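This report concerns only the one structure given below.
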Amino acid sequence: MQPALPHWAAHHEPWQTIARQINGLVDQINTDSSLIAAEGLNIQRVNSAGATMARPRDPGGYGLVVVQLTAPETGSGKYAGHLFSGNATSVAGTNVNMPEGLRDSGNTNSLVVNLAESNDNAGHRLLKGSFYIGLKAGRTNETPPRLIVLINAAGPVLFPVGISKDGGADGTQTAPATWTYTVTSIDGQTTWGTQVPLARPRPNGSMLPQTTATAFGMAFTDATGTLRLWDAGEVQNTTACT
């Protein structure tokens, strides 16, 4: 991939005006170059009135592309997205922090279609800002057109977490418990939240949290990206029947 063209600089007129005009052209060239690289397109030469110009061929086959969801579209299961290109700079010893060195094309140049939401009128399952690997499958009929990218993502689901009680109080005959928890990855290496309340409603009365050294629960991420603890393994405190 060719590196981005640099901007011109000038301190006095008329060179400042000329530099601004050139920099406008540079920005357009860099954007087009990034888009072409992200889409993996070939350049086709055509002649018009004796002049040679270049235009990208339509994407062929089902090439892979990295895309980030930037907004939901009107249609259920469809999203606006940014394409990413370049070489990742990922390091094994650090947590994933997308785009991991990939270069943002800088504009909303794709329509992302989630196959998992086919015939689903519930709205949009996927989170704004999330990344996916998708298949290039054509172009929209908009002006300018966008690349259509197919993905197959189920969306947020419950996943196991490690937990330890770090606050709150037990319930009473007239009020539910308010225990809160430190939530970690299941291997305990990453802390995702502290003093996290239980999203699942509790009944009034005493609730016994887990007391073992290694305790587990179930969590999910809501539409705002907030971690929600759904199940902490609490049980109601009961007494023997008489």
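Tally the residues that are in a loop (DSSP other than H, G, I, E, B) and farther than 14 Å from A80 by Cα, restricting the search to the range 94-122. Full working, then the answer.
So in the range 94-122, the residues in a loop (DSSP other than H, G, I, E, B) come out as 94-102, 105-109, 118-122.
If we keep only those that are farther than 14 Å from A80 by Cα as well, we get 94-102, 118-122.
Number of matching residues: 14.
Looking only at the range 123-147, residues that are farther than 26 Å from L227 by Cα, touching a residue at least 12 places away in the same chain (Cβ under 8 Å) and either in the same structural domain as T180 (by TED's automatic domain parsing) or part of a loop (DSSP other than H, G, I, E, B) (or both) come to 2 in all.
Hey, does the range 225-236 have a residue that's among the β-branched types (V, I, T) and either within 25 Å of T94 (Cα to Cα) or touching a helix residue (DSSP H, G or I) at 6+ places or on another chain (Cβ under 6 Å) (or both)? Spell out the reasoning first.
To start, the set of residues in the range 225-236 that are among the β-branched types (V, I, T) comprises 226, 235.
Restricting the remaining residues to those that are either within 25 Å of T94 (Cα to Cα) or touching a helix residue (DSSP H, G or I) at 6+ places or on another chain (Cβ under 6 Å) (or both) gives 226.
The answer is yes; a qualifying residue exists.
Residues of the range 207-237 that are assigned to a loop (DSSP other than H, G, I, E, B) and either surrounded by 16 or more Cβ atoms within 10 Å (Cβ to Cβ) or not small (G, A, S) (or both): P209, Q210, T211, T212, T214, D222, T224, T226, A232, E234, N237. In the range 167-181, what residues are surrounded by 15 or more Cβ atoms within 10 Å (Cβ to Cβ) and of a type in the set (V, I, T)? Selection gives T180 alone. Looking at this structure, is A199 in contact (Cβ under 8 Å) with a residue 24 or more places away in the chain, surrounded by 14 or more Cβ atoms within 10 Å (Cβ to Cβ) and farther than 30 Å from P72 by Cβ? Answer is no for this residue. Suppose we filter the range 169-193 for residues that are free of Cβ contacts under 8 Å to residues at least 40 places away in the same chain and either hydroxyl-bearing (S, T, Y) or closer than 16 Å to R228 by Cβ (or both); how many remain? Residues that pass the stated criteria total 10.
The values are calculated or read from the model by the stated rules, or taken from the named source; none is laboratory data. This structure is a prediction, so every number in the text was calculated from the model and none was measured. All Cβ positions, glycine included, derive from the backbone under ideal geometry; neighbour counts span all protein chains shown.
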